[in-house]
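The values are calculated or read from the model by the stated rules, or taken from the named source; none is laboratory data. Keep in mind that what you see is a predicted model, and the values were worked out from it rather than measured. All Cβ positions, even for glycine, are placed from backbone atoms using ideal geometry, and neighbour counts span all protein chains on display.
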Amino acid sequence: MKKVTVEIPAKINLTLDITGVKNGYHELNSLVASINIYDVITVCARSDGKINLTMKGLPVDCPIIENNAYKAAKLFIDTFETFGVDITVMKNIPVAGGLGGSSADIAGVLNALNILYDINGDMSPLASDLGSDSTYMLNGGFAVLKGRGDEVDHIGADKKLYVLLITDNAVITSRNCYKKFDENKKMYKPCTAEATTAIYEGDVDKLFTLLKNDLTESASVFAPNVKYNLYNLKKAGAQTALLAGSGPTCYGLFKDKKERDCAYKKLVGLYGKDLIKAQTVVKDKDKFI
């Protein structure tokens, strides 16, 4: 049977401006980037209409039929009336960490099935139906997300940023985090437009002064270590430290690999396997580099 394997990278929100609420969803303006932590999705055609999903790597506490990889396959098969599929997901993106892992699996399954069954179709409508930022994850790279995260404007930036992440096992649902944001009734100065110009022009020094995430205070209510982790990243030498999405993962940004690796040595004794090195990647000619 024909087999297709794709890699989909995690993402970080360099900025996250909450701009309002529309039709029950919070609207945002967010500069995002892909980083070199990948979920690997392999699909193999079946001669029937069945969907088999095997999860490997990091544990995922979710029934198969509720897994977004399964839902993506079912929507694809129902839409294009194809045969079934065996799916294997090698889970490397930290689960429920604000790094887009669930959306990555949606995008990976759709991209892989698009190739497997030679559909050559636009997967964006299907991705949008399944998850807010899944449309972005189909292609990744530097982009600005608007609306509920499903309006994607890719930008021509290829600047390499060096990243150090601290994962956390605290449980934060996006719904609760946004609800707490509303309860806090705080407004923050938007920064996405200015940050986008800075990254496009390659002005990293200016970029570092602009970045922020409007959900940081809200996430801290559910994950008490957020502020502590952000502090430790800055103390270790990060130019800036931010919450990833709605958390609880925190990350620091560094000017170069040497600075990042130096910070890693300072923090690895405290965090162990919860400390992860990464860097931004761009997609060029369908290959992440």
**Study point:** Qualifying position, being closer than 17 Å to residue 33 by Cα and among the β-branched types (Val, Ile, Thr), among 196, 216
**Key:** 196
Practice item. Answer yes if at least one residue in segment 45-58 is surrounded by 14 or more Cβ atoms within 10 Å (Cβ to Cβ), basic (Lys, Arg) and within 23 Å of residue 136 (Cα to Cα), and no otherwise. Key: no
Study note, to complete from the structure: If we ask which residues in segment 113-127 are surrounded by 15 or more Cβ atoms within 10 Å (Cβ to Cβ) and more than 21 Å from residue 2 (Cα to Cα), their number turns out to be 3
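Take segment 183-196 and flag every residue that is touching a helix residue (DSSP H, G or I) at 6+ places or on another chain (Cβ under 9 Å) and either part of a helix (DSSP H, G or I) or of a type in the set (Ser, Thr, Tyr) (or both).
Filtering segment 183-196 down to residues touching a helix residue (DSSP H, G or I) at 6+ places or on another chain (Cβ under 9 Å) leaves 183-184, 186, 191-192, 194-195.
Hits for segment 183-196 are 183, 184, 192, 194, 195.
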Exercise for review: Taking residue 251 as meeting all but one of (1) part of a helix (DSSP H, G or I); (2) crowded, with 17+ Cβ neighbours inside 10 Å; (3) of a type in the set (Ser, Thr, Tyr), write down the number of the exception.
Suggested key: (1)
Review point. In segment 170-182, what residues are surrounded by 14 or more Cβ atoms within 10 Å (Cβ to Cβ), of a type outside the set (Lys, Arg) and assigned to a helix (DSSP H, G or I)?
Key: 174, 176, 177, 178, 181
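Filter segment 202-218 down to residues that are outside any loop (DSSP other than H, G, I, E, B) and without any contact (Cβ under 8 Å) to a residue 60 or more places away in the chain and give me whichever is surrounded by the most Cβ atoms within 10 Å (Cβ to Cβ). Break it down into steps so the answer makes sense when it comes.
Filtering segment 202-218 for residues outside any loop (DSSP other than H, G, I, E, B) gives 204-210, 213, 216-218.
Subsequent filtering for residues that are without any contact (Cβ under 8 Å) to a residue 60 or more places away in the chain retains 204-206, 208-209, 216-218.
Details: 204: 16, 205: 9, 206: 14, 208: 18, 209: 13, 216: 21, 217: 16, 218: 25.
Taking the candidates together, the pick is 218.
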Practice item. Write out, first by first residue and then by second, each pair whose Cβ atoms fall under 6 Å of each other, whose residues are 6+ apart or on separate chains, and whose first residue, in segment 54-83, is of a type in the set (S, T, N, Q) while the second is part of a helix (DSSP H, G or I). Key: 68/102; 68/105; 68/106
Review point. Buried (at least 17 other Cβ atoms within 10 Å of the Cβ), in contact (Cβ under 8 Å) with a residue 40 or more places away in the chain and of a type outside the set (Lys, Arg): does that describe residue 241?
Key: no
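Quick grid of which residues meet (1) hydrophobic (A, V, I, L, M, F, W, C); (2) modelled with pLDDT under 95; (3) in a helix (DSSP H, G or I); (4) under 13 Å from residue 51 (Cβ atoms):
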{"position": "62", "(1), (2), (3), (4)": "yes, yes, no, no"}
{"position": "71", "(1), (2), (3), (4)": "no, no, yes, yes"}
{"position": "74", "(1), (2), (3), (4)": "no, no, yes, yes"}
{"position": "77", "(1), (2), (3), (4)": "yes, no, yes, yes"}
{"position": "82", "(1), (2), (3), (4)": "no, yes, no, yes"}
{"position": "87", "(1), (2), (3), (4)": "yes, no, no, yes"}
{"position": "95", "(1), (2), (3), (4)": "yes, yes, no, no"}
{"position": "106", "(1), (2), (3), (4)": "yes, no, yes, no"}
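Within the group 231, 251, which residue is of a type outside the set (D, E, K, R) and under 24 Å from residue 100 (Cβ atoms)?
Values: 231 fails: under 24 Å from residue 100 (Cβ atoms).
That would be 251, the only listed residue that is of a type outside the set (D, E, K, R) and under 24 Å from residue 100 (Cβ atoms).
Taking segment 151-204 on its own, how many of its residues are closer than 30 Å to residue 266 by Cα and over 19 Å from the mean Cα position of the chain (by Cα)? Quick ask: steps written out before the conclusion?
Quick first cut of segment 151-204, residues closer than 30 Å to residue 266 by Cα only: 158-172, 195, 198-199, 202-204.
Now drop any that are not over 19 Å from the mean Cα position of the chain (by Cα), which leaves 198, 202-204.
So the count comes out to 4.
Taking segment 32-76 as the search range and keeping residues that are among the polar types (S, T, N, Q) and under 19 Å from the mean Cα position of the chain (by Cα), which one is farthest from residue 129 (Cα to Cα)?
Step one: of segment 32-76, the residues among the polar types (S, T, N, Q) are 34, 36, 42, 47, 52, 54, 67-68.
So of that shortlist, the ones also under 19 Å from the mean Cα position of the chain (by Cα) come out as 34, 36, 67-68.
On the way: 34: 21, 36: 26, 67: 15, 68: 11 Å.
So the residue we want is 36.
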Point to revise | Number of the condition not met by residue 256 [criteria: (1) over 20 Å from residue 145 (Cα atoms); (2) touching a strand residue (DSSP E or B) at 6+ places or on another chain (Cβ under 7 Å); (3) surrounded by 15 or more Cβ atoms within 10 Å (Cβ to Cβ)] | key: (3)
Revision key, fill the gap. Per the list (1) under 19 Å from residue 250 (Cα atoms); (2) among the polar types (S, T, N, Q); (3) not in a loop (DSSP other than H, G, I, E, B), residue check on residue 111 breaks on (1)
